[in-house]
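Here the structure comes first, spelled out in structure tokens, and everything after it is commentary.
Read the figures in this text as sums done on the coordinates, not as results from a lab. Note that this is a predicted model, so its numbers are computed, not measured. Glycine gets a Cβ as well: all are built from the backbone with ideal geometry, and neighbour counts include every protein chain shown.
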Amino acid sequence: MNKSIPFLLLFLFSISSFETNNGIAYAGSNDMPPPLEEVYTQIGFKTVHEAVIEFEKQFKNDVKLPLKVPSIPFTHIFGRFWKDKEYDINDSLEIEFINEKSPINHYKINIRPLKNKIASKNRGHQTVYTLKDGQKAIYIAERHSNFLVFEKDNWQYILGINKEIANKVTPKALVEIADSID
């Protein structure tokens, strides 16, 4: 048998496959993506209130959330208590603010116990700010996101935004949000 026949058959099959749809994906009218609430629920998100209760119950300690949020529009807010079942060091409370119509409007709060804090040294470009209570906060500018990392009441807080909205949600705005925690 000629060794080039299998290659030729594969080549012809790939050409005929390409020509049948010309690389175009045809979606039927019933092929709507699932609602955002459904997608987030499937990966463990729920209401912020429910997630906070789970988090506080796990650590037997109250957590305070910022009273301010960035001054950009959001359509949804979700919360999730992430329990690290394997190592027991990455437990955290995640709160996500998103805009279904503008995906760049994405703001996230991550809270974890200080005993399991994430080291922020040597990450991205850093600037240190002082919060109104005298605590230091580190603003980290990375490739796709910017973060403000600070400690308060035995918790490490990480406020994160999409880099594309850094001109609207400045470091000063994130410091003001951090200062809104009573």
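Once the C-beta distance of GLU142 and ILE77 is scaled by a Förster radius of 25 Å, the resulting FRET efficiency is 0.60 to the nearest 0.05. Taking all C-alpha pairs of segment 25-180, those more than 29 Å from each other amount to 20 percent.
Per-residue extension of 0.36 nm, minus the Cα-Cα distance of ILE104 and GLU37, leaves a gain of 22.3 nm for this segment. Listed values for segment 85-100 are Karplus-derived 3J(HN,Hα) couplings in whole Hz (6.51 cos²θ - 1.76 cosθ + 1.60, θ = phi - 60°), namely 6, 8, 10, 6, 10, 10, 4, 7, 9, 10, 10, 10, 10, 9, 10, 4, and x replaces Gly and Pro. Note that segment 97-182 shows a convex hull volume over its alpha carbon atoms of 98 Å³ per residue.
Compute the distance from the alpha-carbon center of segment 49-74 to that of segment 83-151, in whole Å. Segment 49-74 and segment 83-151 have Cα centres separated by 14 Å.
When +1 charges are put on Lys and Arg Cβ atoms and -1 charges on Asp and Glu Cβ atoms, the dipole computed for segment 112-155 relative to its Cα centre reaches about 140 debye. Legend: calculated FRET efficiency, ALA119 to LYS64, from the Cβ-Cβ distance at R0 = 35 Å, rounded to 0.05, equals 0.90. For segment 80-109, the list of GluC sites (Glu not before Pro) that fall in a loop by DSSP and count at most 10 other C-beta atoms within 10 angstrom reads GLU86. At the listed q of 0.15, 0.18, 0.25 Å⁻¹, the Debye profile of segment 73-142, built from one uniform point per Cα, gives log10 I(q)/I(0) equal to -0.73, -0.98, -1.11.
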